[in-house]
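The values are calculated or read from the model by the stated rules, or taken from the named source; none is laboratory data. What you see is a predicted model; the values in this text were computed from it and never measured. In this analysis, Cβ positions are derived from the backbone assuming ideal geometry, glycine residues included, and neighbour counts consider all displayed protein chains.
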Amino acid sequence: MSVYGASATRDRQAWLFGLTGPQFFLLLAAGFPTWMAIAGQQWLVLPIVLSLWVAVGVLVCLPIRGHSAIQWIGVLFRHVAGLAFGWSRFQSKAAAGDLDLGNSDDDDDGAAGEADLPGILAGIQIHDGPPMSGQTARPAIIQNHTTRTWAATARIFHPGIGMSDEGDRFRMGAGLTEMMEAATAGNQIDLIVVQVRTIPDDGTERAEWVRHNARPDEPEVSARVNAQLEAMTAGAAVRHEAFVTVVVREDVINKDAKRAGRGVLGRARILYSVLAETEARLTGSIGCTRVNWLDTSELAVAIRTGFEPGDLPALADADIHHREDASIAAGVPVAAAGPTNASTAMRSYRHGEWESVSSTILLPRKGARMGALARVLVPSQPGERRALTVFYRPVSQQAAERSTGRAQMSAMMAGTLREKAGKVERAKDRQSVGNLAERDEKLERGRSLVKVASAVSITVPAGWNIQDFGRRLDASIRISGFTPLPLDGAHDAAFAVSTIPLGAGLPKKRR
């Protein structure tokens, strides 16, 4: 089977003994008092400053669950401050009796929905876009005031790769590569987010299908067998839903948007051209059978079922009966799509009557087989929901060349420092240098550089032991050949980017 990611390199290269540049120079600065004590022959002071140097080294360099002690101290301080000032608690306007169903702007701007969402999603506003060319649907335009981006989300239908041979998998991987190269060449797409959610299936749609298609003259034995099979499998049945979100930056499209009509309408026209190209790639060699760009009501349902998976049966039942009787209300208002209340703990995130734990997934150096993460999406118990999101951030050609040049310089400096220190060059060091040289050659041939990140979350009812399910999630990631990194202290933001299909994305820079 095809292996992907074998030539991937780290975003930051270590210099000496696995230390980054800031860590290395911080240790040198912390050791200055020690060298001064030795130079001045202050032997009584030397043990004190030496112990302080060792303490600083432990705080800076010793990783604890992926982060240094100094980083953990910062996380703990911000968490305590959030609890003290009430930043870690959220109550919706609907719960307070101040429900805003949205306001209508000018016809050029479409209808704006005041989405009442917690945390990093608080700055999002959802607009009804104009009809797409050749379609009657009006995709929802997602405006993020915090990051100054515009986005649209599509529900995609893909047959999967479980029964695909190596040739089909290679073709799909090549199609994904072509889509990323086109995004880099166009220089308009800031982020492409692919999200897959595994949700419990309560059997509402199946029961409706059986009601319409069951034959009254069905043999009694057949009806009894079908009823027994349904009773045995109903509790463990799950269904998958996949989304693709395309995000563009305001500072990139604003000039073209002014010429296209200004306001939301102008941005929607520019965004639609990007969406059309992305849809063509998805339905081409990638193999998607259908791409449905979500309108405001459909996006609101996707948000609501992300925060409250238990609402899915009622929403599905209302939608089924709405097709037969238009007087029956279906869907959910954008203003009521978020959770009624939410609170952030150090090691979990509670939203409504559900609780979630999230982790990021580190790509192994040796690469991974296509479809290796499928095991992560398999629930360990009925009633559990899992969501996996992969972020593809295209890098411009100029930025890719600068990044590669700096990485090669860091690798060369690290090799020189290791040689001066008498440290033997390891195989992983040689492989890192070789991967950088291979990346440089690919960039010279016109290929593109893409930053890849991923996050996964697990959601269970609030009465369950969420920490136990978090350990099960980490075990599933390790079984798949990847390394989990729990996002303690940031589970609210991690849940938002891994489960809610609004294209929030991970931070561009690590702080």
Practice task
Among the residues of region 80-108, write down those that are of a type outside the set (Gly, Ala, Ser) and either modelled with pLDDT under 70 or assigned to a loop (DSSP other than H, G, I, E, B) (or both).
Solution key: Trp87, Lys93, Asp98, Leu99, Asp100, Leu101, Asn103, Asp105, Asp106, Asp107, Asp108
Problem - Breaking point among (1) touching a Leu at 6+ places or on another chain (Cβ under 8 Å); (2) among the hydroxyl-bearing types (Ser, Thr, Tyr); (3) more than 30 Å from Ile199 (Cβ to Cβ), for Thr416 - result: (1)
Completion exercise
Pairs returned, first residue in region 288-304 that is hydroxyl-bearing (Ser, Thr, Tyr), second residue that is crowded, with 22+ Cβ neighbours inside 10 Å and part of a helix (DSSP H, G or I), beta-carbon separation under 8 angstrom, 6 or more apart or interchain, are Thr296/Val334
Practice task
Output the number of residues of region 365-415 satisfying the condition of being in a helix (DSSP H, G or I) and β-branched (Val, Ile, Thr).
Solution key: 2
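Among Ala302, Ala314, Ala368, which is the only one that is farther than 22 Å from Ala455 by Cα, among the aliphatic types (A, V, I, L, M) and out of contact with any helix residue (DSSP H, G or I) (no Cβ under 8 Å at 6 or more places or on another chain)? Break it down into steps so the answer makes sense when it comes.
Details: Ala302 fails: farther than 22 Å from Ala455 by Cα; Ala368 fails: farther than 22 Å from Ala455 by Cα.
When all the criteria are applied, what remains is Ala314.
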Practice task
Sort out which residues of region 308-329 are over 24 Å from Val460 (Cα atoms) and among the charged types (D, E, K, R), and write them in order of number.
Solution key: Asp319, Arg323, Glu324, Asp325
Handout entry: Flag for Ala504 being small (Gly, Ala, Ser), touching a helix residue (DSSP H, G or I) at 6+ places or on another chain (Cβ under 8 Å) and assigned to a loop (DSSP other than H, G, I, E, B)
Key = yes
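Condition first: closer than 27 Å to Val244 by Cα, at pLDDT 75 or above and surrounded by fewer than 18 Cβ atoms within 10 Å (Cβ to Cβ). Can you find one or more residues in region 408-422 that meet it?
No: region 408-422 contains no residue that is closer than 27 Å to Val244 by Cα, at pLDDT 75 or above and surrounded by fewer than 18 Cβ atoms within 10 Å (Cβ to Cβ).
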Handout entry: Members of region 122-138 found to be hydrophobic (A, V, I, L, M, F, W, C) and surrounded by fewer than 21 Cβ atoms within 10 Å (Cβ to Cβ), listed by number
Key = Ala122, Met132, Ala137
Fill in the blank from the handout: Of the residues in region 299-327, those that are small (Gly, Ala, Ser) and either over 17 Å from Trp354 (Cα atoms) or surrounded by 15 or more Cβ atoms within 10 Å (Cβ to Cβ) (or both) come to Ala300, Ala302, Gly306, Gly310, Ala316, Ala318, Ala326, Ser327
Handout entry: Residues of region 454-499 satisfying the condition of being over 21 Å from Ile120 (Cβ atoms), polar (S, T, N, Q) and outside any strand (DSSP E or B)
Key = Asn465, Gln467, Ser476, Ser480
Completion exercise
Residue set Glu441, Glu425; condition without any contact (Cβ under 8 Å) to a residue 40 or more places away in the chain and either part of a loop (DSSP other than H, G, I, E, B) or touching a Lys or Arg at 6+ places or on another chain (Cβ under 6 Å) (or both); output residue Glu425
Problem - Which listed residue, of Thr136, Thr184, Thr198, Thr177, is within 22 Å of Ala260 (Cα to Cα) and β-branched (Val, Ile, Thr) - result: Thr136
Exercise for the section: Kindly list the number of the only condition in (1) closer than 26 Å to Met179 by Cβ; (2) charged (D, E, K, R); (3) not in a strand (DSSP E or B) that fails for Arg418. Expected result: (1)
Exercise for the section: Could you check, for region 322-344, whether at least one of its residues is acidic (Asp, Glu) and touching a helix residue (DSSP H, G or I) at 6+ places or on another chain (Cβ under 7 Å)? Expected result: no
Completion exercise
Flagged pairs (Cβ under 6 angstrom, 6 or more apart or on separate chains; first in region 246-258, free of Cβ contacts under 8 Å to residues at least 40 places away in the same chain; second part of a helix (DSSP H, G or I) and aliphatic (A, V, I, L, M)) are Asp256/Ile270; Ala257/Ile270
Completion exercise
Output for Cβ contacts, cut-off 9 Å, separation at least six or different chains, first residue modelled with pLDDT of 70 or more in region 231-242, second among the hydroxyl-bearing types (Ser, Thr, Tyr) and surrounded by 15 or more Cβ atoms within 10 Å (Cβ to Cβ), reads Val238/Thr198; Arg239/Thr198; His240/Thr198; Glu241/Thr198; Glu241/Thr305
Practice task
Those residues that are modelled with pLDDT of 85 or more and farther than 15 Å from Leu271 by Cα, I need them from region 136-158; list them, please.
Solution key: His145, Thr146, Thr147, Arg155, Ile156, Phe157, His158
